[in-house]
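The values are calculated or read from the model by the stated rules, or taken from the named source; none is laboratory data. From a predicted model like this one, the values you see are computed outputs, not experimental measurements. Counting neighbours? That spans all protein chains shown, and the Cβs are built from the backbone with ideal geometry, glycine included.
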Amino acid sequence: MDFGYYGCFRRMTFAACVFFFAIANSFAQNVVAEEAEPARTVVVRAGRLFDPVTGRMIDRPVVVIAGNKIRSVSNGTQPSISGATLIDLGDATLLPGFIDVHTHLTSNAGGGGYEGLGISSPRAALIGAKNARLTLLAGFTTVRNVGAEGYSDVALRDAINAGDVIGPRMQVSGPPLGITGGHCDNSLLPFEFHHSAEGVADGPEAVMHRVREVIKYGADVIKFCASGGVFSKGDNPLLEQYSPEEMKVLVEESHRLGRKVATHAHSAISIKDAVRAGVDSIEHGIFLDDEGIALMKEHNTFLVPTSYPLFWFEEHVAQMHLPPWVMEKSAIIIPAAKKNMAKAFRAGVRVALGTDAGVYPHGLNGGEFWSMVELGLTPTQALQSGTVNAAELMGWKDRIGVIREGMFADMVAVKGDPLSDIRLLQHVQFVMKNGVVYKNEISTPNSAALGR
Ligand SMILES: [Zn+2]
């Protein structure tokens, strides 16, 4: 018998259907509440635990997890908890689940250019399902996905939250906002196709409408393009795209509706105008100058340096078969980015980790810790950028980014000490998200060890 919405609407009026499903849902919720079991308890032991708030290691930690939350963190003594499962990670280092605030789960490396025009939104969502799994298994238990046509990122986020697909917890932007012909438009086809990307909006009024629209269809965060970029045909990363007036309206409206704003900005002028407009993060920031650095510090704006692709590209560009305009722009951008990121790090601009995974293969996200250290952050600062800082930028400081009582049980572990070898973070051996273990190459859970 068919009790689905479609079957209902074939047989009843609209009002009758709504009433029927309201009753059915309230009944289902009551049943779940009555049958709810006490939260499962897991105890995790390790050699060290990295606390990004203090920047210190805690020796011999014991973390007690009840359901999807951390109940307690102590050291040395092991609590006796009846029926708990023990996960003994030996002398491994336990860290908070990593956070990537700039990813493109719904696209694959090398999928841009004309080939990308053949990818439908449903196909992009399924590409996202594959990449979400790779990203989680690389230790990234939370990501912010910045830019997806057709709201394929909304579908992916909802599928992960429903437990249909394995992946990190997500904040998503839907289509990124941008000017006609800009980096967030799609300028591959000639005029007669009349094709624009979904986020295109010109003028303050259209920008305000577009912000409201992407929120209507599921955006948690607003992404826009303030300057030209590398992968877009026919624009210039050294120029500004949105005017200061448009940026001001965009940011005000987003904030008024409770959304943070992430801004793709390469040129020095676009960075400064975006910071003055009140954006929460500058993504890439390639041509950041001294005045821009001072402004970012004054406004407490986060820099998301997306530095690993700069190194990855140098090694792999020959095999990527990229369009000529991408090659020309990369040659200018890579050396400038390395120099200016190093300068921003020295000046103490606040940094949140973002990988731009999707322009290179997903699952290599841990390389961003290494590349930021290569450009001047200490290993502790790099880890903070991918945990507490990223959590703060996402507005989730109260729930993720640190292993402490009351936070979601999102944790990873590596053998050895990542503060002396940052490359260890590129191969995590243990991943837990929301209290569920997704990867454990270190130990076998043992409930007998804790006694009953
Ligand atoms: Zn990006």
Residue check for Val428: at pLDDT 95 or above, within 21 Å of Ser82 (Cα to Cα) and within 20 Å of the chain's Cα centre (by Cα): no
Residue list for segment 132-149, restricted to those being within 14 Å of the ligand (Cβ to nearest atom), of a type outside the set (Asp, Glu) and not in a strand (DSSP E or B): Val146, Gly147, Ala148
Meets criteria (at pLDDT below 70 and on the phi < 0 side of the Ramachandran plot) for Tyr6: yes
Selection status of Thr106, modelled with pLDDT of 95 or more, touching a helix residue (DSSP H, G or I) at 6+ places or on another chain (Cβ under 9 Å) and more than 16 Å from the ligand (Cβ to nearest atom): no
In segment 360-383, the residues that are surrounded by 24 or more Cβ atoms within 10 Å (Cβ to Cβ) and either touching a residue at least 60 places away in the same chain (Cβ under 8 Å) or under 15 Å from the mean Cα position of the chain (by Cα) (or both): His362, Asn365, Gly366, Glu368, Phe369, Met372, Leu383
Checklist (1) among the aliphatic types (A, V, I, L, M); (2) within 16 Å of the ligand (Cβ to nearest atom); (3) within 28 Å of Met411 (Cα to Cα); (4) crowded, with 24+ Cβ neighbours inside 10 Å applied to Ile127, failing item: (4)
In segment 307-332, the residues that are among the charged types (D, E, K, R) and without any contact (Cβ under 8 Å) to a residue 60 or more places away in the chain: Glu314, Glu315, Glu328
Tally, over segment 69-103, of residues that are among the acidic types (Asp, Glu) and part of a loop (DSSP other than H, G, I, E, B): 1
Extreme residue, farthest from the ligand (Cβ to nearest atom), among residues of segment 62-103 that are farther than 15 Å from Ala46 by Cβ and surrounded by 23 or more Cβ atoms within 10 Å (Cβ to Cβ): Phe98
Scan of segment 195-214 for residues that are part of a helix (DSSP H, G or I), buried (at least 16 other Cβ atoms within 10 Å of the Cβ) and not aliphatic (A, V, I, L, M), ordered by number: Pro204, Arg210, Glu213
Index of the failed condition, Pro175 passing every other in (1) in contact with a Gly (Cβ under 7 Å, 6 or more places away or on another chain); (2) touching a residue at least 60 places away in the same chain (Cβ under 8 Å); (3) in a loop (DSSP other than H, G, I, E, B): (2)
Unique match (being closer than 30 Å to Ala318 by Cβ and among the aliphatic types (A, V, I, L, M)) among Ala138, Ala39: Ala138
Identity of the residue in segment 303-327, within 14 Å of the ligand (Cβ to nearest atom) and in a helix (DSSP H, G or I), that ends up farthest from Ser243 (Cα to Cα): Trp312
Matching entry among Ala206, Ala226 (being at pLDDT 95 or above, farther than 30 Å from Asn68 by Cβ and within 15 Å of the ligand (Cβ to nearest atom)): Ala226
Qualifying residue in segment 340-359 (condition: away from the ligand (no atom under 16 Å from the Cβ), charged (D, E, K, R) and surrounded by 14 or more Cβ atoms within 10 Å (Cβ to Cβ)): yes
Yes/no for Arg399 being without any contact (Cβ under 8 Å) to a residue 12 or more places away in the chain and closer than 24 Å to Ile87 by Cα: yes
